[in-house]
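Visitor: Got a structure here, written out as structure tokens. Questions coming.
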Amino acid sequence: MSDQTPVLTDVPQVGLAGLAQNWKRDAISGFLVFLIALPLCLGISLACGYPAISGVFTAIIGSIVCSLISNSELTIKGPAAGLIVIALGTVTEFGYTGGTDSAADLQAYRLALGVGVAAGLLQIGFALLRSGGLNEFFPTSVVHGMLAAIGVIIISKQLHIVMGVNKPRAKSPLPLLAEIPHSVMNCNPEIVVIGLLSLLLLFGLPLLKARWLRAIPAQMWVILLTVPLGLYFDLDHEHTYSFGGHDFGVGPANDLVSVPNNMFNAITFPDFSGLQTVAGWKWVMMFSLIGSLESILSAKAIDLIDPWKRKTNFDRDLLGVGLANVGSALVGGLPMISEIVRSKANIDNGARTRFADMFHGIFLLLFVALVPGLIHEIPLAALAAMLVYTGFRLASPREFLHVYHVGKEQLLTFTTTVVAVLATDLLVGIGIGIALKFVLHLWNGAPIGSLFWPDITISRDAQGTTTMLVKGSAVFSNWIGLKRRIENAFGETSQVVVDLSETYLVDHTVMQRLHDLQHDLAAQGRTMVITGLDGHQAFSQDPHATRKRSKRPYG
């Protein structure tokens with residue numbers, strides 16, 4: 001994708017000069033992103049067990065703070081579906097009842113906010129320690145498996161709400177999936193009409209070519225059509241109706257978004273007593289690690305399609321995210337990251353600088369401050385459908401097919417991570433995926449001694465070219481060291497040859513990142529040559545497939 005994206009030469013100015021130069025384009029893009037962000041912020045909040053307004057707080061604070069601190073020019077900050085599992089797990093750990101006991105739910109929410117503050121502070125620490133390269137350690141197939149599992153979990157929870165079953169009996173992902181047929185058989189017909197119409201719009205509108213339809217985001221079409229439908233079904237008033245010989249109940253408590261008339265009344269302060277428990281710190285680590293990883297990966301992905309090929313300083317971006325997360329949690333907001341879907345829409349809408357993110361936050365602030373009553377009319381089934389759509393995108397069959405084409409061993413790691421996350425939890429599932437990756441590398445003959453520390457011999461010829469002979473293995477777990485040696489070598493020369501002829505195994509993660517690094521260096525006028533793979537057998541036809549020698553080159 002990055003090779004095909006045209007590079008524009010009129011690079012926008014940065015800072016306040018960039019705001020003055022591009023405010024019209026950025027304001028238009030910010031408004032269009034706001035149309036997408038509003039329903040997603042509400043839906044993600046409710047899916048996390050937080051009040052609906054929490055996600056709006058997050059987007060407002062994140063957009064303004066990060067616009068001033070981060071140099072990630074085109075990313076949009078806000079709550080993301082990828083953190084639903086962690087946020088819901090946190091409030092559940094602290095006694096969340098799903099509406100059965102409002103006092104217990106409020107306390108669980110405040111304890112989760114305390115976790116959010118601590119996680120944000122930890123992210124600030126990561127940034128100050130220059131840990132922006134955190135994403136470099138995790139193998140690609142495990143990260144994709146984690147995201148696909150999150151997608152499945154989101155679907156397993158939200159599909160019941162689409163059917164009008166707000167409180168399924170099951171709680172964990174696999175039983176929730178098994179309970180879907182029961183919810184289908186016991187669905188609420190009026191709510192199903194709203195939910196299925198929403199899904200039809202979300203999946204169908206991107207396939208249509210009419211410009212006037214595509215000019216409005218699919219999520220906003222859902223709101224524009226389901227709000228009148230909810231009014232027609234009189235969801236504003238508790239009542240029952242008969243259909244097919246059965247009675248069904250609908251009403252605002254279970255079927256419409258609940259928000260206060262004054263957003264300042266929704267400000268909630270954290271309770272830090274949860275940090276006195278082991279469970280509390282487990283969720284702090286989950287928030288900070290997974291949130292940082294997702295945010296960095298999203299910012300990196302958006303860099304690849306930035307028309308001006310600007311590069312994010314990940315440490316600086318992580319500092320902005322950490323500060324915004326602290327501020328958000330202090331007033332009742334969700335954790336936030338760089339969100340890739342809204343960021344992609346930001347680019348498509350013509351944004352030029354990071355102030356488009358700020359404008360999207362300002363529009364959110366104005367909307368919830370001036371017309372909160374309109375939010376109350378949004379059916380919960382419509383928001384649930386948006387999350388089902390998001391979950392499907394994360395766990396799309398195309399993702400499984402793509403991983404299979406990269407290599408069967410990648411599919412094994414990917415599916416194992418998915419199943420492990422669904423059967424246990426996020427952290428354990430990721431650990432199982434990484435452990436399997438090590439087992440496969442050892443099975444394929446990678447020397448144990450080279451798994452974490454790359455064995456590299458460096459030489460320089462008379463022309464000044466540096467050759468780095470890599471021995472043993474080049475795999476995800478020693479990539480950070482290998483990358484650092486490559487970057488250091490460029491301090492003395494403009495051309496580096498990475499010779500992999502004496503490696504026994506080069507995994508998919510390293511192959512992909514070597515080519516990404518080669519592309520980035522070329523943009524800086526530097527040359528990195530990857531050589532020595534002629535004697536290796538690729539595990540598939542994919543250019544980034546794992547490669548293995550038939551005989552061990554040394555040791």
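Visitor: List pairs: first residue in the stretch 94-119 and part of a helix (DSSP H, G or I), second residue among the charged types (D, E, K, R) anywhere in the structure, Cβ distance under 6 angstrom, at least six positions apart or on different chains.
Guide: ARG110/ASP271; LEU111/ASP271; GLY114/ASP271
Visitor: Could you look through the stretch 120-140, keep only residues that are among the aliphatic types (A, V, I, L, M) and in a helix (DSSP H, G or I), and pick out the one that is modelled with the lowest pLDDT?
Guide: Let us first name the residues in the stretch 120-140 that are among the aliphatic types (A, V, I, L, M), namely 121-122, 124, 127-129, 134.
Now drop any that are not in a helix (DSSP H, G or I), which leaves 121-122, 124, 127-128, 134.
Working: LEU121: 98, LEU122: 96, ILE124: 97, ALA127: 94, LEU128: 94, LEU134: 72.
Ranking the candidates gives LEU134 first.
Visitor: Moving on. From ALA538, ALA545, ALA523, which residue is buried (at least 19 other Cβ atoms within 10 Å of the Cβ) and either among the small types (Gly, Ala, Ser) or more than 23 Å from LEU440 (Cα to Cα) (or both)?
Guide: On the way: ALA538 fails: buried (at least 19 other Cβ atoms within 10 Å of the Cβ); ALA523 fails: buried (at least 19 other Cβ atoms within 10 Å of the Cβ).
Step by step, each of ALA538, ALA545, ALA523 is checked, and only ALA545 is buried (at least 19 other Cβ atoms within 10 Å of the Cβ) and either among the small types (Gly, Ala, Ser) or more than 23 Å from LEU440 (Cα to Cα) (or both).
Residue by residue, here is whether (1) surrounded by 17 or more Cβ atoms within 10 Å (Cβ to Cβ); (2) modelled with pLDDT of 95 or more holds:
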site	(1), (2)
GLN4	no, no
THR9	no, no
GLN13	no, no
LEU19	yes, no
ILE44	yes, yes
GLY55	yes, yes
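Visitor: Evaluate the following for VAL321: is it at pLDDT 95 or above and farther than 30 Å from HIS519 by Cβ?
Guide: no
Visitor: Follow-up question, since we're still on this one. Only one of ALA118, ALA104, ALA127 is buried (at least 18 other Cβ atoms within 10 Å of the Cβ) and farther than 30 Å from ASN478 by Cβ; which?
Guide: The match here is ALA118.
Per-residue answers, yes or no, for (1) within 21 Å of VAL14 (Cβ to Cβ); (2) outside any helix (DSSP H, G or I):
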| residue | (1), (2) |
| --- | --- |
| LEU293 | no, no |
| ASP306 | yes, yes |
| VAL321 | yes, no |
| ASN325 | no, no |
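Visitor: Just give me the residues in the stretch 237-256 being within 36 Å of the chain's Cα centre (by Cα) and either hydrophobic (A, V, I, L, M, F, W, C) or under 16 Å from ALA52 (Cβ atoms) (or both), in sequence order.
Guide: The answer is VAL250, PRO252, ALA253, ASN254, ASP255, LEU256.
Visitor: Could I ask something else about it? Collect the residues in the stretch 201-249 that are part of a loop (DSSP other than H, G, I, E, B), touching a helix residue (DSSP H, G or I) at 6+ places or on another chain (Cβ under 7 Å) and closer than 12 Å to GLU377 by Cα, keeping them in residue-number order.
Guide: Scanning the stretch 201-249 gives PHE233, LEU235, ASP236.
Visitor: Testing TYR50 on (1) surrounded by fewer than 24 Cβ atoms within 10 Å (Cβ to Cβ); (2) part of a loop (DSSP other than H, G, I, E, B), one condition comes back false. Which one is that?
Guide: Unmet for TYR50, out of (1) surrounded by fewer than 24 Cβ atoms within 10 Å (Cβ to Cβ); (2) part of a loop (DSSP other than H, G, I, E, B): (1).
Visitor: Next question. Could you look through the stretch 162-220, keep only residues that are hydrophobic (A, V, I, L, M, F, W, C) and loosely packed, with under 12 Cβ neighbours inside 10 Å, and pick out the one that is nearest to CYS41 (Cα to Cα)?
Guide: Checking each candidate, the answer is ALA215.
The values are calculated or read from the model by the stated rules, or taken from the named source; none is laboratory data. Quick caveat: nothing in here was measured; it's all calculated off a predicted structure. Cβ atoms come from the backbone with ideal geometry, glycine included; neighbour counts cover every protein chain shown.
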